[in-house]
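Novice: Pasting in a structure now, in structure tokens, and then I'll have a few things to ask.
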Amino acid sequence: MSKLNEILQKKFGHISFREGQKEIIEQIINGKDVIAILPTGMGKSLLYQLPAYMKEGTVIIVSPLLSLMQDQVEQLKILGEKRVVAINSFLPFQERELAFRHLADFKFIFTSPEMLQNEQFNRALKKLSIAYVVADEAHCISQWGFDFRPDYLRISNWLQSLNKVNVVALTATATKDVVEDIKKTLRMNNPFEFIHSLDRPAIAYEVVEVDNQQEKLSWILGRVTSTEGPGIIYTQSRKKTEVYAAFLREKGISVAYYHAKMEQSDRILIQQQFQQGHLEWICATNAFGMGIHKDNIRQIIHDHIPTSVAGYMQEVGRAARDGDQAIASLLYTSTDVEQTFYVSMQDFPEEQDIQIAFKPEYAEVEQAETTTRILKYWKERLNEQDTIQLFKQIKQKKWQDIQKFYSMIQNDICLRQQLLHYFDQPLLEKPIHCCSKCKLDVPSILGKRMKNRNDQVEMNWKKRLHTLLPL
Amino acid sequence: MHFHQILLFIIHKISGQRSENAPFYLLKGKKSGQTIQDVTYFQLHAFFSILPQLSKEDYDTAITELYKEQFIELKESTVHITDKGISAITQQKNVLLNGWQYRGKEHVFWKRLDLAVQTLSQFHANDKKFVPNQKDIDTQQFVKDYLIQHNFRQFNLSKEMKHELHLLLENPSLDDLHRTFFVYRLSGFNTIGLTWEQLARYHKLSELDAKIIFLECLHTMLDNISREASPLLYSLAKNIRIETPLTDSAFKTNSLLEKGYSLEQIADLRKLKINTIEDHVIEIVSANKSFPISTFISKEQVYEILHLSSELQTKKLTEIKNRLPEVSYFQVRLALTRSEQLHE
Ligand SMILES: [Zn+2]
């Protein structure tokens, strides 16, 4: 057995590599810059985790999403790796000081783009021998990306300040433009590019046009009560997650809602209940899904047109991790385009916001937090007119994206093919269950719902305590 | 005790003396001189800081309902309880909350307990690879040290802990609702705790009520943890009780007072307003019954103020001060604070 396979088995408990994994890992070990695009659920973390055991030095993982960082740290710890730390602004001051002093003890250091500005952190990093730097969710670097993080752009200067170091860029979604942005920003030197097909053959796509919001609800009730889950219903407002959950519960479905306004402890409990199969359905905003480890999700329902194709692919991609057939359904009305544009523009700076931002007496508190962050970044780089111009372009691009998505679901062309085309990828092979435009026999995909599980068992605290601590 | 009951209980005590927002600041645990002195004036220690997350929106909704029911009314910008309101206050066996004592630290204990139980449960099931529900590093470190220290791989820790929890939950002050909410918030192997919404819906309560019931249970248990009867939980509750229940700033003022500095000197030294330092003194006096106040006010003045207060049936500062022009507001507050302690 090769050394790689041995580590794969011993450390990660897998018997064989998935397509492309071994190739990428070898390139990293050989000191090549690597840019890898592969769909969620295809073993992305293994790509930067495994080579660490074949190389001297520390791996620095820059990750723009804090919740994801937390999840990755937990997953590594579950694999038995103790030399792992997350250094971000949420780490209490004393813990941070302690971590800085013992940086060399860690094999994996996760950090946020914001932290890269911290001088003390950088001083400590300079003393380390770095195996390679990983830019996770690298599409966030690109201003054309669907969740652009301006702070992430600062990674460019940071990389320059380090001595020559290898960079691994990972993402699940990137168009050609975005890939070019990533390469440039990360100063990649003739990188090895691995582009996995973003197609998920096990997921069938279904689009359904309805006349109004009421019909969406009846459609959802009909579908969920007649077919098997588990599944997620994505909607755009917190209120709606609660409304859907209440209607479904009335029909005997084991369901919960999930949105960002809930207490953190409750969000964790819902996630765990769903993961362990105690809940069959989740009605959620797009806050749900990051760091969900559940292989058998069979259905994803959207009751709206998503704000971006990339975001849609990410949400849909949570289904069928086990490779078994699943279905993604999208319900829309003809007026949903405006609604979606409105939602995606909620935090977006208008021309007068930008003008205000450029006034000398400008106080940052006046605007939404994300607006402030993005504006602050560009203010340091562009003049007022250019900034206004840039935001006009971004806004226009967003509108075009949504329009494009709308026409994709409305025309007669295979949806799978169009989704891949959006990412400049060809559709190589059509699965039997492709999409509702290629003809789709939903009953043969989804199991017929047998009976509702009755979850309303009597609560008994003594029994429960005994279940928790059986001795 | 339900949220409406708590509001009525508080308003009953401050009736005609304070604005309709005073209970809000009390429940949120606002660290202002006014709120802290009210805790002592009106004997409201139980409710201080029990709902730090309470939104003004939820509060206003509840208050509006109380107005609508004519349980309370607004007169000259103070809130009054009506006769109907008084009769709506259900007689409590006793108030189970102890907010003044814990100030949110009870949740630190809860996080430790939750993680300890989850870990023990997972290890018992031989499933050591699990995602901890509690994410903050302080809690994780504490529980890790705790479990190692108690030799948790030997299973009697799990058994003993269950035994201690059982004993504390059997406390006759609690009812089954308390016990249920407490235990069903915990998680373990293949058994995930319920959310507030799930607990509340099952029992047809509001989420706020569910949280209060849980908190009553948590406070009661913490009150009864002892080194002798519940040694395991006792060490899990390390540093949870606030020994000197002072805010950090008042604590600094207290140290300077003990060194013999005058109020003016302290204000100067700390670059704070004299009013703030006076607030601190009130807080210190509230917390410490034996703190001498004779440097700030004479015995005769205390007597005069208290006499007037009972004669006028008021604790309103302005009313008392108007009749006694020679004493300061600060002195009136001092006298009222001290008098309540004598009545305890
Ligand atoms: Zn198709």
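The values are calculated or read from the model by the stated rules, or taken from the named source; none is laboratory data. Just so you know, these numbers come straight off a predicted model, no measurement behind them. Neighbour counts run over all protein chains shown; Cβ positions are idealised from the backbone, glycine included. Calculation scope for accessible area: heavy atoms of the full protein, side chains included, ligands and nucleic acids excluded. Shrake-Rupley method; radii C 1.70, N 1.55, O 1.52, S 1.80 Å.
Novice: Within region A:394-427, track down each residue that is more than 21 Å from A:Val208 (Cβ to Cβ) and within 13 Å of the ligand (Cβ to nearest atom).
Specialist: If the condition is that a residue be more than 21 Å from A:Val208 (Cβ to Cβ) and within 13 Å of the ligand (Cβ to nearest atom), then A:Leu420, A:His421, A:Leu427 are the ones that fit.
Novice: Among the residues of region A:182-202, is any over 30 Å from A:Phe348 (Cβ atoms) and more than 25 Å from the chain's Cα centre (by Cα)?
Specialist: yes
Novice: Need at least 2 residues that are within 14 Å of chain B (Cβ to nearest Cβ) and farther than 24 Å from A:Val178 by Cβ per element, so show me which strands (runs of 3 or more DSSP E) inside region A:234-319 make the cut, counting only ones lying wholly within it.
Specialist: Once the strands (runs of 3 or more DSSP E) in region A:234-319 are filtered for at least 2 residues that are within 14 Å of chain B (Cβ to nearest Cβ) and farther than 24 Å from A:Val178 by Cβ, what remains is A:255-258, A:281-284.
Novice: Go through (1) in the same structural domain as A:Gly41 (by TED's automatic domain parsing); (2) surrounded by fewer than 16 Cβ atoms within 10 Å (Cβ to Cβ) one by one and return the number of the condition A:Met188 breaks.
Specialist: For A:Met188, the failing item is (2).
Novice: Let me ask another. Looking at region A:87-97 only, could you name the residues that are outside any loop (DSSP other than H, G, I, E, B) and away from every other protein chain (no Cβ under 11 Å)?
Specialist: Once the filter is applied, which keeps residues that are outside any loop (DSSP other than H, G, I, E, B) and away from every other protein chain (no Cβ under 11 Å), region A:87-97 yields A:Ile87, A:Phe93, A:Glu97.
Novice: Tell me, yes or no, whether region A:425-439 has at least one residue that is within 30 Å of A:Ala172 (Cβ to Cβ), touching a residue at least 40 places away in the same chain (Cβ under 8 Å) and of a type in the set (Lys, Arg). Working first, answer last.
Specialist: Within region A:425-439, the first condition is being within 30 Å of A:Ala172 (Cβ to Cβ), and the residues that meet it are A:425-439.
So of that shortlist, the ones also touching a residue at least 40 places away in the same chain (Cβ under 8 Å) come out as A:425, A:427-429, A:431, A:433-437.
Next, only the ones that are of a type in the set (Lys, Arg) stay: A:437.
Taking every residue of region A:425-439 in turn, at least one turns out to be within 30 Å of A:Ala172 (Cβ to Cβ), touching a residue at least 40 places away in the same chain (Cβ under 8 Å) and of a type in the set (Lys, Arg).
Novice: Could you say which residue among A:Phe391, A:Phe423 is over 26 Å from A:Leu331 (Cβ atoms) and within 25 Å of the chain's Cα centre (by Cα)?
Specialist: A:Phe391
Novice: I'd like the residue in region B:72-112 that is part of a helix (DSSP H, G or I) and over 20 Å from the mean Cα position of the chain (by Cα) and, out of all such residues, is farthest from the other protein chains (Cβ to nearest Cβ).
Specialist: B:Asp83
Novice: For A:Glu250, indicate whether it is open to solvent by 60 Å² or more (accessible area, probe 1.4 Å) and modelled with pLDDT of 95 or more.
Specialist: So A:Glu250 does not fit the description; no.
Novice: Within region A:428-458, count every residue that is within 12 Å of the ligand (Cβ to nearest atom), of a type outside the set (D, E, K, R) and loosely packed, with under 13 Cβ neighbours inside 10 Å. Before the answer, list the steps.
Specialist: Pass one, region A:428-458, residues within 12 Å of the ligand (Cβ to nearest atom): A:429-440.
Subset that is of a type outside the set (D, E, K, R): A:431-436, A:438, A:440.
Right, trim to loosely packed, with under 13 Cβ neighbours inside 10 Å and you get A:432.
So the count comes out to 1.
Novice: Sort out for me the helices (runs of 4 or more DSSP H) sitting completely within region B:174-237 that have 2 or more residues that are in the same structural domain as B:Val143 (by TED's automatic domain parsing) and in contact with a Cys (Cβ under 6 Å, 6 or more places away or on another chain).
Specialist: Counting at least 2 such residues, we get B:176-185.
Novice: Now, a different point. Identify the single condition in (1) farther than 28 Å from A:Lys44 by Cβ; (2) without any contact (Cβ under 8 Å) to a residue 60 or more places away in the chain; (3) crowded, with 19+ Cβ neighbours inside 10 Å that A:Val243 does not satisfy, given that it satisfies every other one.
Specialist: In the conditions (1) farther than 28 Å from A:Lys44 by Cβ; (2) without any contact (Cβ under 8 Å) to a residue 60 or more places away in the chain; (3) crowded, with 19+ Cβ neighbours inside 10 Å, A:Val243 misses (3) alone.
Novice: On to the next question. Taking the condition of being surrounded by 18 or more Cβ atoms within 10 Å (Cβ to Cβ) and either part of a helix (DSSP H, G or I) or over 16 Å from the mean Cα position of the chain (by Cα) (or both), how many residues in region B:26-44 meet it?
Specialist: Result for region B:26-44: 11.
Novice: Find the residue count for region A:182-211, including only residues that are hydrophobic (A, V, I, L, M, F, W, C) and either free of Cβ contacts under 8 Å to residues at least 12 places away in the same chain or within 16 Å of the ligand (Cβ to nearest atom) (or both).
Specialist: So the answer is 6.
Novice: Step by step: first the residues of region B:139-149, then only those that are within 12 Å of chain A (Cβ to nearest Cβ) and without any contact (Cβ under 8 Å) to a residue 24 or more places away in the chain, then the one that is nearest to the chain's Cα centre (by Cα). Which residue is that?
Specialist: B:Gln141
Novice: A follow-up question, please. Regarding A:Phe100, is this residue in a helix (DSSP H, G or I) and surrounded by 13 or more Cβ atoms within 10 Å (Cβ to Cβ)?
Specialist: Yes.
Novice: If I go through region B:198-220 residue by residue, how many of them are within 17 Å of the chain's Cα centre (by Cα) and either open to solvent by 10 Å² or more (accessible area, probe 1.4 Å) or more than 13 Å from chain A (Cβ to nearest Cβ) (or both)?
Specialist: 9
Novice: Quick check on this structure: which one of B:Ser187, B:Ser173, B:Ser206 is of a type in the set (Gly, Ala, Ser) and closer than 28 Å to B:Ala287 by Cα?
Specialist: Result: B:Ser173 is the single residue among B:Ser187, B:Ser173, B:Ser206 that is of a type in the set (Gly, Ala, Ser) and closer than 28 Å to B:Ala287 by Cα.
Novice: Here's another thing I want to ask about it. Quick one: how many residues across region B:154-188 are surrounded by fewer than 21 Cβ atoms within 10 Å (Cβ to Cβ), touching a Ser or Thr at 6+ places or on another chain (Cβ under 8 Å) and either facing chain A (nearest Cβ under 10 Å) or closer than 18 Å to B:Leu115 by Cα (or both)?
Specialist: So the count comes out to 1.
Novice: Right, another one. Which ones in region B:150-169 are farther than 29 Å from A:Glu263 by Cα and free of Cβ contacts under 8 Å to residues at least 60 places away in the same chain?
Specialist: B:Asn151, B:Phe152, B:Arg153, B:Gln154, B:Phe155, B:Asn156, B:Lys159, B:His163
Novice: In the list B:Lys211, B:Lys316, which residue meets the criterion of being in contact (Cβ under 8 Å) with a residue 60 or more places away in the chain and in contact with a strand residue (DSSP E or B) (Cβ under 9 Å, 6 or more places away or on another chain)?
Specialist: Every option except B:Lys316 fails the conditions.
Novice: Applying the selection to region B:47-61, what residues are of a type in the set (A, V, I, L, M) and more than 20 Å from the chain's Cα centre (by Cα)?
Specialist: Hits for region B:47-61: nothing passes.
Novice: Shifting gears a bit: Can you list the helices (runs of 4 or more DSSP H) lying wholly within region A:1-86 that have 2 or more residues being more than 25 Å from A:Ser129 (Cα to Cα) and more than 14 Å from chain B (Cβ to nearest Cβ)?
Specialist: Of the helices (runs of 4 or more DSSP H) lying wholly inside region A:1-86, those with at least 2 residues that are more than 25 Å from A:Ser129 (Cα to Cα) and more than 14 Å from chain B (Cβ to nearest Cβ) span A:3-12.
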